[in-house]
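What follows draws every value from the coordinates through simple rules; no lab data is involved. All of these numbers come straight from a predicted model, not from anything done at the bench.
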Amino acid sequence: MNINVESENVGLDRPTANGITPTKRGRHAILSPLICSLLAAAGIFGGISSLFAGLICVVIHSLLRGDSAFDSVGTVLLIIAIPMILAGSVFLDQLGEK
């Protein structure tokens, strides 16, 4: 027994003007290419520099036995580097779409 079933693709998307949804239109208005490039540079270079500064703080902490400030600052800098680099790469991707 062969049953042929045909299906139609029903579009449930929101209506768009020129292929740009209202969400994308608002995002493009807020994030101009200049702002995207500045945020991408700050995220990527800030993340890399916080890695180096965190490593320096950890090395200083290993040399100074009674110090606890360099240990906590170094840990924070090493942890915050990853989200900064990721945020910078997101803004770099936004820049590539424009």
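Got a sec to turn the phi values of region 71-80 into Karplus ³J(HN,Hα) couplings, 6.51 cos²θ - 1.76 cosθ + 1.60 with θ = phi - 60°, whole Hz, x for Gly and Pro?
For region 71-80, the Karplus-derived couplings read 5, 6, 5, x, 5, 4, 5, 5, 6, 6 Hz, x marking Gly and Pro.
For region 31-97, how big is the tail of P(r) above 18 Å, as a whole percent of Cα pairs? Provide the component values of the computation, followed by the final result.
Numbers: 1011 of 2211 pairs.
In whole percent, the long-distance tail amounts to 46.
Can you list the HN-Hα couplings for region 57-63, worked out from phi with the Karplus curve (6.51, -1.76, 1.60; θ = phi - 60°), rounded to whole Hz and with x for Gly and Pro?
Those phi angles translate into 5, 5, 5, 4, 5, 6, 7 Hz.
Tell me, what HN-Hα J-couplings in whole Hz come from the Karplus equation 6.51 cos²θ - 1.76 cosθ + 1.60 at θ = phi - 60° for each residue of region 89-95, using x for Gly and Pro?
So the Karplus estimates, Gly and Pro as x, are 6, 5, 5, 5, 5, 4, 5 Hz.
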